[in-house]
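Colleague: One structure follows; several queries about it will come next.
The values are calculated or read from the model by the stated rules, or taken from the named source; none is laboratory data. Source: prediction; values computed, not measured. Heads up, the Cβs are rebuilt from the backbone with ideal geometry, glycines too, and the neighbour counts pull from every protein chain shown. With ligands, DNA and RNA removed, areas are computed over all heavy atoms of the protein, side chains included. Shrake-Rupley method; radii C 1.70, N 1.55, O 1.52, S 1.80 Å.
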Amino acid sequence: MISNPTFSAPARGLLVAGAFALVVTVLQSAASILVPLLLAVFIAIVATPMLHWMRGRGVPKWGALMVIAFVLLDVGSLLALVTTGAVEGFRDRLPTYQERFMTFSHQFGGWLEGVGASGSREAIPDLLNPDMLAHGVRLFLSNASGIFAMGFLVLLATLFILLEAPTIPAKLRAAFHWTEAGDARLKRLLDTVNRYMRIKTLTSLGTAACAWLLLRFFGIDFAILWAVLAFFLNFVPVVGNILMMIPPVLLALIQIDPWTALLVAIGYLVINTVIGNVLEPRIMGKGLGVSTLAIFISLLFWGWLFGTVGMFLAVPLTAAVVIALDA
């Protein structure tokens, strides 16, 4: 005789918490494998409409995949060349910027001490240590080959996912015995992520272009580097718009003067307000149905779990979890 034990509410809570902790531990342990796979999945979701469009016009599957691979490889290579070249130029100019920063910090610290803030001359260089920035630049350049290798791995995974894309729904139905409701949820998830990533890419391009024009107007060095940074950080919710303006504002402060830095900061605020708070919500409509607080918490969680990639994909990952839990 088999008995079905019943658990009290606290016991069920403990079971759920233990299962959640186990899943999170496994995910974090497998992050090195899951991160490129997640990137490939989301890139494949965005590229799927392009694949269907070419297939609908008679292009064979291998030809469509070759076109998508060429576009992704070409865009990635161009982005890598531009970014690496700009970072190397920035590294060469770092000694000059460090000297200017030390002069500015000495003057600003002296002014603060004059108004009663004792110890400011020593505190400001400690708060904004230029040696940390130099170390970060050297670290990026030394790891550039690893980043490129990961990008190539993501490209290969994306092509294999696109190759199997037409048969994935049927395989999921056979494996999990999905009903029409399951198919509807999968379609809803793919459409939601696709729409979000497409709109976010367009708004990120607009943000990067406006940032580049702003910095070129004021004559800030390496405007293309800060524009690329603005493009990627625009995908990071809540804090991305703040982080993207810090390096160019500090550079304007050191390179030119405080008033120019203030104008650059105002320009970034205008760009982020118009694109992020006016245009993007109008285009996005209701969005993903996730509150701002939930997005901020998800940013912290996915960033802790998967690092930088988790922060970039925090919103679509959270939307996917919400739709999965709805099932």
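Colleague: Residues to consider are VAL82, VAL16; find the one that is part of a helix (DSSP H, G or I) and either open to solvent by less than 40 Å² (accessible area, probe 1.4 Å) or in contact with a helix residue (DSSP H, G or I) (Cβ under 9 Å, 6 or more places away or on another chain) (or both).
Modeller: From the options VAL82, VAL16, the qualifying one is VAL82.
Colleague: Residues that are open to solvent by 20 Å² or more (accessible area, probe 1.4 Å) and farther than 20 Å from ASN277 by Cα: list the helices (runs of 4 or more DSSP H) wholly contained in segment 190-259 that include at least 1 such residues.
Modeller: Because the criterion is at least 1 residues that are open to solvent by 20 Å² or more (accessible area, probe 1.4 Å) and farther than 20 Å from ASN277 by Cα, the helices (runs of 4 or more DSSP H) in segment 190-259 that meet it are 223-233, 246-255.
Colleague: How many residues, within segment 235-273, are at positive phi and of a type in the set (Ser, Thr, Tyr)?
Modeller: The qualifying residues number 0.
Colleague: Could you run through segment 41-50 and say how many residues are in contact (Cβ under 8 Å) with a residue 24 or more places away in the chain and either of a type in the set (Val, Ile, Thr) or surrounded by fewer than 17 Cβ atoms within 10 Å (Cβ to Cβ) (or both)?
Modeller: 6
Colleague: Condition first: small (Gly, Ala, Ser), in contact with a helix residue (DSSP H, G or I) (Cβ under 9 Å, 6 or more places away or on another chain) and either open to solvent by 50 Å² or more (accessible area, probe 1.4 Å) or under 11 Å from LEU305 (Cβ atoms) (or both). Now tell me which residues in segment 25-40 satisfy that.
Modeller: Across segment 25-40, the qualifying residue is only ALA31.
Colleague: On the basis of being buried (at least 17 other Cβ atoms within 10 Å of the Cβ) and charged (D, E, K, R), does LYS187 make the cut?
Modeller: no
Colleague: Could you check segment 51-79 and list, in sequence order, the residues that are of a type in the set (D, E, K, R) and either surrounded by 14 or more Cβ atoms within 10 Å (Cβ to Cβ) or closer than 17 Å to TRP226 by Cβ (or both)?
Modeller: Across segment 51-79, the qualifying residues are ARG55, LYS61.
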